[in-house]
Amino acid sequence: MTQASTGEAPAANEVALSPRRFTLLQRIVLRIIIATGYWFIRLIGPTLRLSVSCEEGAQQTLGQRPLITSFWHACIIPATYYFRNGGVRVMSSNSYDGEYMGRIIHKFGFVAVKGSSSRNAVRALLGLRRALQEGWTVAFSIDGPRGPRHKVKPGPVALARSSGVPLSMFHIAVESAWVLNTWDRLIIPKPFSRVLMRFGKVIPVPAEATDEDIERYQQDLQASLDRVCEFAEANIKKVGAAEFPYNA
């Protein structure tokens, strides 16, 4: 697998950041958070030592598209770096947190589509389906924006049924990191840490899937994310060993 995405960066006019109005203090804080977040990822990212491991039947490159990719919100910082400049479309909430995250990831070549699991979800899913039809990959930090932690939501599976694009999933384990006391236990990698990205087998969802089938595919996605998370966290310290199963 390649260690950086190779897709084209999105054009500036494709960005869907909302023109929300904020107070002067909020705008000042936004600028500080965006600048700090961008430069932290930009400086720390190149120092991280990435290894990639795949289940049989997983996606073949970081830049493969189109796919509907899911990961836990805690991994968003290393994921932002490794999938940079690939034109990946992501659902971004209309909250204040969603605003600064949307602006940070835009600086790394992502395109934010406004919406969340609780507000404007239908409009956002339509925008994401259009992006898939245009050949872009769509990514979900699937337990965001507010949890519950490590709980799959139905959006990706419904999108896979309507678009015909299969589901992919990954987890990123970091050997040495600061873990915030937030709902998602956000991972902030420390410089020069080893990183293990584990991809799960892709899951196609047929267009004729019933609502009962959708629940089963959602359970399959949950099981896949749990499995790749468990593998990555259990094996991060084994990376580099001769017997390490990079493809198993």
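The values are calculated or read from the model by the stated rules, or taken from the named source; none is laboratory data. All values derive from a computational prediction rather than experimental measurement. Here the Cβ positions follow ideal geometry from the backbone for every residue, glycine too, while neighbour counts run over all protein chains shown. The area values use the complete protein model at the heavy-atom level, side chains included, leaving out ligands, DNA and RNA. Shrake-Rupley method; radii C 1.70, N 1.55, O 1.52, S 1.80 Å.
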Accessible area (Å², 1.4 Å probe, nearest 10) - Glu230: 130
For the chain, convex hull of alpha carbons as volume per residue, Å³: 119
If exposed means trypsin sites (Lys or Arg not before Pro) lying in a DSSP loop and surrounded by at most 15 other beta carbons within 10 Å, then the longest stretch of the chain lacking such sites spans residues 22-118
Excluding near-sequence neighbours (fewer than 8 apart on one chain), the range 106-248 holds lysine pairs with C-alpha atoms under 20 Å apart numbering 5
Return an integer: the convex hull volume of the alpha-carbon atoms of the range 128-203, in Å³ per residue. 110
Could you tell me the calculated FRET efficiency between Arg130 and Ile28, based on Cβ-Cβ distance and R0 = 45 angstrom, to the nearest 0.05? 0.80
Restricting to the chain, compute how many DSSP beta bridges are antiparallel as a %, nearest 5. 35
